[in-house]
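Written below as structure tokens is the structure these notes are about.
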Amino acid sequence: MIEIKYFGAVAEKTKCEFEKLSFSEELSLQKLLQDLKEKYQFESLSFSVAVNQKIVSKAADYNLQTSDIVALLPPFAGG
């Protein structure tokens, strides 16, 4: 079971801070993001993705493991 954590505007859109998903077959990060986009209509949101506390590209060819934690993070600003 993977855990998905939501922050900022993404958490507001999903109306939750996290959820856990189980999957029976191999699940890629891209497939997960596509499923979440369809479920929550993320079209207008800008966010970064982290897997196990490491920022990764949304286009990364990454297969998720059952122990992974995926975080959808708001854009960062800083100086």
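Which residues, taken from segment 31-50, are closer than 22 Å to F76 by Cβ and open to solvent by 30 Å² or more (accessible area, probe 1.4 Å)? Residues satisfying the conditions are K37, Y40, E43, S44, L45, S46, S48. Beta carbons closer than 8 Å, at least 6 apart along the sequence or on distinct chains, pair a first residue in segment 22-37 that is without any contact (Cβ under 8 Å) to a residue 24 or more places away in the chain with a second that is charged (D, E, K, R) for K37/E43. Per the conditions (1) free of Cβ contacts under 8 Å to residues at least 12 places away in the same chain; (2) touching a Lys or Arg at 6+ places or on another chain (Cβ under 8 Å); (3) not aromatic (F, W, Y), the sole criterion not satisfied by I69 is (1).
Residues in segment 3-21 that are aliphatic (A, V, I, L, M), in contact (Cβ under 8 Å) with a residue 60 or more places away in the chain and in contact with a strand residue (DSSP E or B) (Cβ under 7 Å, 6 or more places away or on another chain): I4, V10.
Scan segment 51-60 and tell me whether some residue there is under 11 Å from the mean Cα position of the chain (by Cα) and surrounded by 15 or more Cβ atoms within 10 Å (Cβ to Cβ). Yes - at least one qualifying residue is present in segment 51-60. Taken over segment 18-30, residues that are surrounded by 11 or more Cβ atoms within 10 Å (Cβ to Cβ) and out of contact with any Lys or Arg (no Cβ under 6 Å at 6 or more places or on another chain) amount to 7.
The values are calculated or read from the model by the stated rules, or taken from the named source; none is laboratory data. Computed from a predicted structure; not experimentally measured. In this analysis, Cβ positions are derived from the backbone assuming ideal geometry, glycine residues included, and neighbour counts consider all displayed protein chains. Heavy atoms of the whole protein, side chains included, go into the accessibility calculation; ligands, DNA and RNA do not. Shrake-Rupley method; radii C 1.70, N 1.55, O 1.52, S 1.80 Å.
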